[in-house]
Amino acid sequence: MFPDGIGKRTPQELVRYAEILVYIAGADGELVREEIAVIEALMGRAMIHPESRTTIRAGFEHPVPLEQSLADLDAAFVRLILRDAALVAAVDGAYDRKEMRALKAIAKAGEITTAELAEVLDWVTEGWHWFAGFGSIFPKDP
């Protein structure tokens, strides 16, 4: 868990947060179960109400336009969204060109420089490698 205050956001902000994550998951035109699993985990961590989650899941079929979800969000919140959007984008093993375009749009909305975006993406990649390293310690299927 990140001590970041996501859970202190309004229900409306949390729905927009999740809409952006759903948008990122579908940006490459291919939705994989790992992306869905990360989004579900992040929605749970954010304590998004189950009824709202049902509505958000409809976005897997018809995502809300990114610009609409980003409109009027404060830069500090957008930075947190960028972090989690990068996690969703990376879970399938690579950042697709369309995912990168969306991540750059989120970074711009969060007043994040290109160098800072690169740092976020490197952090996510290092984190996935670190996490994957536990595969030798903990068996995948007991």
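Answer yes if at least one residue in segment 38-48 is surrounded by 17 or more Cβ atoms within 10 Å (Cβ to Cβ), over 19 Å from Gln12 (Cβ atoms) and not acidic (Asp, Glu), and no otherwise. Yes, some residue in segment 38-48 is surrounded by 17 or more Cβ atoms within 10 Å (Cβ to Cβ), over 19 Å from Gln12 (Cβ atoms) and not acidic (Asp, Glu).
Taking residues in segment 9-25 that are under 14 Å from Thr54 (Cβ atoms) and without any contact (Cβ under 8 Å) to a residue 60 or more places away in the chain, and partners anywhere that are buried (at least 22 other Cβ atoms within 10 Å of the Cβ) and not aliphatic (A, V, I, L, M), the pairs with Cβ atoms closer than 6 Å and at least 6 places apart or on different chains are Glu19/Ser69.
Taking segment 80-119 as the range and being of a type in the set (A, V, I, L, M), out of contact with any Asp or Glu (no Cβ under 6 Å at 6 or more places or on another chain) and within 18 Å of Arg45 (Cβ to Cβ) as the test, the residues that pass are Ile81, Leu82, Ala85, Ala86, Leu87, Ala90.
Please list, ordered by residue number, the helices (runs of 4 or more DSSP H) wholly in segment 52-142 having 3 or more residues that are under 14 Å from the mean Cα position of the chain (by Cα) and touching a residue at least 60 places away in the same chain (Cβ under 8 Å).
Numbers: elements: 66-70, 75-90, 97-109, 114-132.
Fully inside segment 52-142 and qualifying: 75-90, 97-109.
When Leu70, Leu14, Leu31, Leu82 are checked against the criterion of being under 23 Å from Trp128 (Cα atoms), surrounded by 12 or more Cβ atoms within 10 Å (Cβ to Cβ) and modelled with pLDDT of 95 or more, Leu82 stands alone in meeting it.
Only one entry of Met47, Met43 meets the criterion of being touching a residue at least 12 places away in the same chain (Cβ under 8 Å) and in contact with a Gly (Cβ under 9 Å, 6 or more places away or on another chain), and that entry is Met47.
The values are calculated or read from the model by the stated rules, or taken from the named source; none is laboratory data. Keep in mind that what you see is a predicted model, and the values were worked out from it rather than measured. Cβ coordinates were reconstructed from backbone atoms using ideal geometry, including for glycine residues, and neighbour counts include every protein chain displayed.
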